[in-house]
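The values are calculated or read from the model by the stated rules, or taken from the named source; none is laboratory data. Since we're looking at a predicted model, the values are computed, not measured. Here the Cβ is made from the backbone with ideal geometry for all residues, glycine too, and neighbour counts use every protein chain on show.
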Amino acid sequence: MSGTNSDFFANDLPQFRHLVALAICVQAVAFLTIAPLWLLPCLALFCLFLYVRPLAQSRILRLVLVFTCVALFFIDYRLAYSVEMASVFLLLVASMKATELSGRRDILVFVYSMFYLSAVSMLFEQSISHVLLQLFCVMLCFSLLMRLSDSSLGSVRSQLWRVTKMLSLAVPFAVCFFLFFPRFAPLWSLPIKTSHSQTGMSEEMTPGSIAELSQSAERAFRVSFSGVAPARQNLYWRAMLLDYFDGRTWRRASSSLLLERGRQGLLHDRKYEVFEPQELDQNYYDVILEPHQNRWAFALVGSQPASGNVHKMGGGIYEFRQDVVSPTPYRMLYEKTLLPVSEVPGAVVISGVERIASQVNQDLQLPPTGNPLARQLVDQMLSSGPTELEYVAAVLRYFYDEGFGYTLKPPTLGVDSVDDFLFGTRLGFCEHFASSAAFLFREAGLPARVVTGYQGGEFNEDMGYWLVRQYDAHAWVEVYITGTGWLRVDPTAYIAPDRIERNLEEAVRGEGTFLADNRFAAFARELPILNWLSRQSDELNYRWQRFVLGYGEQDQRKILESLIGGFDLRSLLWLLVGLLAFISMCVVLYIWLGRYNPKLSKVERTYLRFLLLLRVKGVQRKMGETPKAFSERASAELGPRFSRLLEKRTQALHKNLYNADNSND
């Protein structure tokens, strides 16, 4: 490196250090969701090397830190290559580069690495907070580039302000391209599988599993209806049929699941499908699903897919071809097909949930042994020769009459979990009631299965959508009645009706266990200001997901039809070119006016503000009167204090305008 370059960086390195350290910190926060825990202290040490000169000058310490980080990286990831691993490695080595900044080339390498990381991070996260974070990182990188080209720039804050003004000129172009450029599936809509732990529902259910999930206030999905939404007690969002029981755990039967996926062509063909909603005159609802690292979708009974990215399986469940690893929208056609059953209060006949013929026996599967007391109870109930509907009603009455309780802190059950619950603890959450009811139905020869998903939600009146959180997780039962069809029965509705008609918080208010393991979420709900901020944040994220990330060809078509009365590629291109030309002219005019009409200096602004104050006191400068002449004339009309202030402001103005040795600011 040349001597000039060395002197340049030696004199200006503090400003570079601040910008580089800020960029590393911003990227560390942005990659928190995918970065391993050991990476954060490593990045903090790299930033420390920027400011502690003895550390930066010690080659041995740098080598030890570098080799330690590389060793931790390979221990964590080994040879499992993925986009996530490559991104974390690039963040690591780019931060290492910060320990040896000594020239223009080093700064450029660091800046270009940060630009690339900002783009790659969009593959994993597209929330509005993440976008703003990466926009700030881009501004820091541009500030570094400006600093390289002009070392006479001021503080970091003044550099960021100049970058903000520069980037603001690009905003109209970005909006124009976003609205009117032909829509293609963006790169960041492609699913990128990460090593995130699974969130939300699981493919199996054991006693207490849903109760644990109900301590989480995280979003599961949002739903907006095109017409009148069903009543809250009918919002049963089905996800999975759990049809295999080993005596304690319910899970999806692997054989039936593989058969269904093969029948739908989803077993091996896992190509990415874009959200392409149909235009419908009938009732439908749009869902924005939060990532849960699995393939299932959530839907009401009587729904049909109305977008190309979701597929109906047997049993009335729905799946994607790919795991849901990013916020995913889909549309469902909805028809109200619920018929109440007078013999069984609260039960409804449902349609569209039938299996293919070869799978019906799966709904009768039970382990050959275990839970002997429950089997004796079934024999006792059947001894009077009830009809199928009468038997279902008797099982539900049993839960109500025998004093069962609803709790978020159920006691631990033993190997014979059904027996322990029915004849021992008699305290449980929804999964306890659903598991026991399904066992009693199957033992009596009635096809039954446990259904897991969510029930209810919180309605946002301002935005008109339902917000479903993890604590809305629920389990219920579907039982087949000869001559009638499948019935949805929910034993929880008999024990804790507030859970279905209102919400979980009301159902367990007496025992005070709602969000008991999540103190921050509980505190946020109780404090009005935090609850309001949480609501506003969710509304903002909903708008971002629906109107920005969800902006597609149909939305573009509607805008063009409202502007020019039609939609075709030629009109779209002409409109785009015309708008870009108009915006370019406006930007050029703005730059020209800014160049040949410089802004007033701080001293000039102070003087003019003082003249406004004097005008209030009745002393006004005449047309063509010089500042000095005005000062001499006004001093006779003003008191001593204002005369001294006016003389001081006048001298500062003369010094600023006519003394070449002084700066303009």
Exercise. Go through segment 636-665 residue by residue and tally those that are modelled with pLDDT of 80 or more, touching a helix residue (DSSP H, G or I) at 6+ places or on another chain (Cβ under 8 Å) and among the polar types (S, T, N, Q).
Key: 2
Exercise. Return yes or no: is VAL93 farther than 24 Å from ASP76 by Cα, among the aliphatic types (A, V, I, L, M) and surrounded by fewer than 17 Cβ atoms within 10 Å (Cβ to Cβ)?
Key: no
Self-check item: In segment 243-271, residue modelled with the lowest pLDDT [restricted to those that are crowded, with 16+ Cβ neighbours inside 10 Å and more than 22 Å from PRO372 (Cα to Cα)]
Solution: LEU266
Quiz item: From MET114, MET122, MET166, which residue is out of contact with any Ser or Thr (no Cβ under 9 Å at 6 or more places or on another chain), farther than 25 Å from ARG17 by Cβ and of a type outside the set (S, T, N, Q)?
Solution: MET122
Quiz item: Which condition breaks for ASN503 when tested against (1) over 31 Å from the mean Cα position of the chain (by Cα); (2) in contact (Cβ under 8 Å) with a residue 12 or more places away in the chain?
Solution: (1)
Practice problem: Could you list all residues from segment 403-428 that are among the acidic types (Asp, Glu) and closer than 20 Å to ALA347 by Cα? | Solution: none
Quiz prompt | Enumeration of residues in segment 396-429 that are part of a helix (DSSP H, G or I) and either out of contact with any Phe, Trp or Tyr (no Cβ under 7 Å at 6 or more places or on another chain) or more than 19 Å from ILE500 (Cβ to Cβ) (or both) | solution = ARG397, TYR398, ASP401, SER417, VAL418, ASP419, ASP420, PHE421, LEU422, PHE423, GLY424, THR425
Practice problem: Identify all residues within segment 443-473 that are under 19 Å from the mean Cα position of the chain (by Cα) and among the small types (Gly, Ala, Ser); write none if there are none. | Solution: GLY457, GLY464, ALA473
Exercise. Output the residues belonging to segment 518-570 that are surrounded by fewer than 15 Cβ atoms within 10 Å (Cβ to Cβ), polar (S, T, N, Q) and farther than 24 Å from ASP462 by Cα.
Key: GLN554, SER562
Quiz item: Only one of these conditions is not met by ASP555: (1) in a helix (DSSP H, G or I); (2) farther than 19 Å from ALA174 by Cα. Which number is it?
Solution: (2)
Exercise. Go through (1) modelled with pLDDT under 85; (2) in contact with a helix residue (DSSP H, G or I) (Cβ under 9 Å, 6 or more places away or on another chain); (3) more than 22 Å from GLU212 (Cα to Cα) and name the single condition PRO528 misses.
Key: (2)
Practice problem: Looking at (1) at pLDDT 85 or above; (2) surrounded by 14 or more Cβ atoms within 10 Å (Cβ to Cβ), find the lone condition where VAL175 falls short. | Solution: (2)
Quiz item: What helices (runs of 4 or more DSSP H) completely inside segment 44-118 contain at least 1 residues that are under 21 Å from ILE34 (Cα atoms), modelled with pLDDT of 80 or more and acidic (Asp, Glu)?
Solution: 59-77, 83-97
Quiz item: Of all residues in segment 490-514, which are touching a Ser or Thr at 6+ places or on another chain (Cβ under 8 Å) and assigned to a helix (DSSP H, G or I)?
Solution: PRO491, ARG499, ILE500, LEU504
Quiz prompt | Selection within segment 307-348 - free of Cβ contacts under 8 Å to residues at least 24 places away in the same chain and either under 22 Å from VAL548 (Cα atoms) or not assigned by TED's automatic domain parsing to the domain that holds ILE500 (or both) | solution = VAL310
